[in-house]
1. Just grab the label-to-label distance for ASN210 and THR663, each label 7 Å out from Cα along the Cβ direction, in nm (one decimal).
2. Just the number, please: Stokes-Einstein D of segment 193-286 in µm²/s, Kirkwood Rh from C-alpha pairs, 20 °C, 1.002 mPa s.
3. Using the Kirkwood formula over every pair of different C-alpha atoms, what hydrodynamic radius in Å results for segment 105-175?
4. Express in nm, to one decimal, how much length is gained between ASP650 and ALA193 on full extension, taking 0.36 nm for each residue of separation and deducting their alpha carbon distance.
5. Once the mean 1/r over all distinct Cα pairs of segment 22-223 is inverted, what Kirkwood radius in angstroms do you read off?
6. Report the extension gain between ASP217 and ASN132 in nm, rounded to one decimal, defined as 0.36 nm multiplied by the number of residues separating them, less their alpha carbon distance.
7. To the nearest µm²/s, what D does Stokes-Einstein give for segment 266-407 at 37 °C and 0.692 mPa s, using the Kirkwood radius over alpha carbon pairs as Rh?
8. When the expected Rg is taken as 2.2 N^0.38 Å, what fraction or multiple of it is the alpha-carbon Rg of segment 46-91?
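All of the numbers you see were taken from the coordinates with simple rules; none came from a lab. Owing to the predicted nature of the structure, the values given are computational and were not obtained by experimental measurement. FYI the Cβ positions are ideal-geometry reconstructions off the backbone, even for glycines, and counts take in every protein chain you see.
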Amino acid sequence: MTGRKRRIPLVYPSVLDAMNVGRVVYITNSAVISIGGMQLRQGFANNGGAIFVGSGVLTLTNSSVYSSSATNGGAGYNVGGNITLDSSQLYGNQAGNGGAFYHAAGTSMLQNNIIRDNRATNGGGIYNNGSNLTVRHNTVYSNSATSGGGFYTINTNPVLVNTILTTNTATTGHAVYGPSGYAPTYNDAYPAANAYGGGAAAGANSLAVNPLLVNPDLGDFHLQATSPVLDRGDPAMTLDHDFEGDYRPGDQGFDMGADEQASCRARIVRTGQIYGNVQTAVNNSQPGDTIQVSIGICRGVHQYVAGGSTYTQTVHITHELTLAGRYALDFSSVVDDAQAGPYAATASTFDAMNLGRTILITNSAAITLTRINLHNGNANLGGGSGGGAIYFNGPQARVEKAGFYSNTATSGGAIFNAGTNFVLYADGFFDNQATDGGAVFNATGVMTFTGDFNANNLFQRNNAANRGGGLYNDSGSVWILNSDTDQVMFPLANENQASQGGFAYNNSGQMILENNAFDGNQANEGGALYNNSGSLSLDRGNRLFLNEAVNSGGAIYNSSGSLTVWNSLIYGNTNTNQGAGIYSAGGNPQIIHNTFYRNEATNRGGSIYIAGGNPTIRANIFDRNTAPNGGSAVYAASGTLSYNDYWTDDASLQVAGGVSAGTNNVNVNPAFAGAGIASDTDFHLLPLSGLIDAGPASDSGVPHDFEDDIRPSNTYADIGADEYNACLAQLISGVPIMGLFMAVFKQPSTMPIPAIKSGWRKVSAKRTLRLIIISPSVVPGCPISAPRLILCWGRLPPLTG
């Protein structure tokens, strides 16, 4: 099989026409004949109007046989040969017995055929008078007879399975007529009234439902997406294709009828074998295998029993495996390496259809998942309550460039991590919901979110009824790290909602956030982040803006845990009570080198409200924040404040609650490079800003700024999240880069270097690097005794020439 779709046309270009003066095909003398892509029409004979097989072998595929008539078998008659009719149409034929086909003797296999609009006295579609007849995966439609509109047998020998018999008519048994004891299994006979005649009856796993064909009157016999016969066929079936070349089984099992609804295909790289659904490939894989998944949608769920419990999911995995999606249908290449929506033409999507989870990973399996969307998973119907898309309980998982859409659970709408180590790289979480952890619930393990969030790693519109609209961390460790070295411009977390922690709730674990953006999240407390009794650390340029709390903590709410906020940009957040930027009820928060801009509290604490504990608030910019009842910058009863810039009002008007504003404060316009409340607001300090070198002389606890520039770069640290770099220095022998020029001179070096050399190298769109090698023999008064390499690194215009 090539896998190429071949929709059966009503008209094939090549025609054999008997013009009603004889048969079309007559086979005897043990001939071996194959016919494909042909029209056989207007045959006329006593037995087999179009085709007669007395002996030999006939294989008829992708053909149409029509407008033929006979006493027995209007289209075909087998009396002693071996016949296979596959993926063909038999229509508009008539006979006394077997309007389309009559089996007298020999071996006959009818599969994947459309048998329609034929007429007979007995067996409008098919008549059996022998043994060794198999009728599987056919669609028998609108045939008519006195007895057995679709199928007639005089004995109990034939196999009739996975076949749709619908809209046929007969006085007795419009679908099937047969003797007592004949009860074929796994068929759909519709409508139910008078479906079986004689002594025949519906066998096990039979249906009597409208199969929902797309448009049979116009020749479209595909199954609709909501057909009740999808995945309802005999699971022991061996047929591997349908009437147009799609793989069987697709999705979660064999469909009844000639059509198999196309699923995403799966290929085991080690063997090269292709399967019609992912679970079949998983079942045939070995630990360590890689399974490639084609573009398309893998639908539905199946049951899996483990440890006495029953679980329901699209795919279950019990051994080490890699699943890689977005391959072309022939697996020749990856169609699209970027993230795509669940119904995009270039996506590989597992759709659980809200019937269970999408993926269950157990038995200590290590898993890698890449370029696959997980959609409509529901853990509450999957056995258990955690992880609508993925429940993971293993040593190691890695998920890359995946999308999680509209999944539901009690804990972790998309992911529940009960395992050890879970890494997510450049993934997206959209419209997931749960009671706790709208998108992700981390129980005790380590979860790391990384990648270029600017490109495609997002938490959007996730919702938790209680805590953590996007993420809930119970007692484990969570790292969310943006690997893009430029300032983040797009939100990692956008429009997520919860009662506590619009984006994230950290219960008693550790959470570390670096270089992310949290925009437009909402909660009663902690519009973006809520830290209960764990450790929450923010550093390296996190942006928290336009978040909202109904009560307190517009951006961040700290209950009693350890809170560290360094080098962050907190602006445009609001609440209706206290602490539009940060609200802390206890602990000893470290709030150092941040920029607070235009946050608005309805009550107190425009930027920071301290209800308890002893915070350190140092070297921050407080610019035009508001709180009508006091403390537009800080409202606290205790704490240590120093080296902060208060603008426009001075510290005496911006600090309230009884705490001292501290020492070494300034009251100057920060002179930002940009202004406004947007994802790309530029909070760099301009060259003439009064906050450059206005901070502490030594601030070793915060050795970098919001984009990882060295701090301090001159004699003193700058105030706020940005450190304006003027000249950085490093010994050529490799000691760390230092922001203080004189610190380099104090380092020993014996490495010989020539006299003065100078050169330029552009290192990024923002910076230019100047290399200067200095020798004491040519620099009068130089305080060093050995050559040094000095790196002057600042925001300089690009050089030419």
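1. About 8.5 nm separates the two model spin labels.
2. Working: Rh = 14.8 Å.
In µm²/s, the coefficient rounds to 145.
3. Numbers: mean 1/r = 0.0863 Å⁻¹.
It is 11.6 Å.
4. Working: separation 457, 0.36 × 457 = 164.52 nm, distance 8.77 nm.
Additional length available on full extension: 155.8 nm.
5. On the way: mean 1/r = 0.0631 Å⁻¹.
After inverting the mean inverse Cα-Cα distance, the result is 15.9 Å.
6. On the way: separation 85, 0.36 × 85 = 30.60 nm, distance 3.22 nm.
Once the chain is fully extended between ASP217 and ASN132, it gains 27.4 nm.
7. Numbers: Rh = 14.7 Å.
So the translational diffusion coefficient is about 224 µm²/s.
8. Working: Rg = 10.0 Å, N = 46, 2.2 N^0.38 = 9.4 Å.
With N residues counted in segment 46-91, Rg over 2.2 N^0.38 Å equals 1.06.
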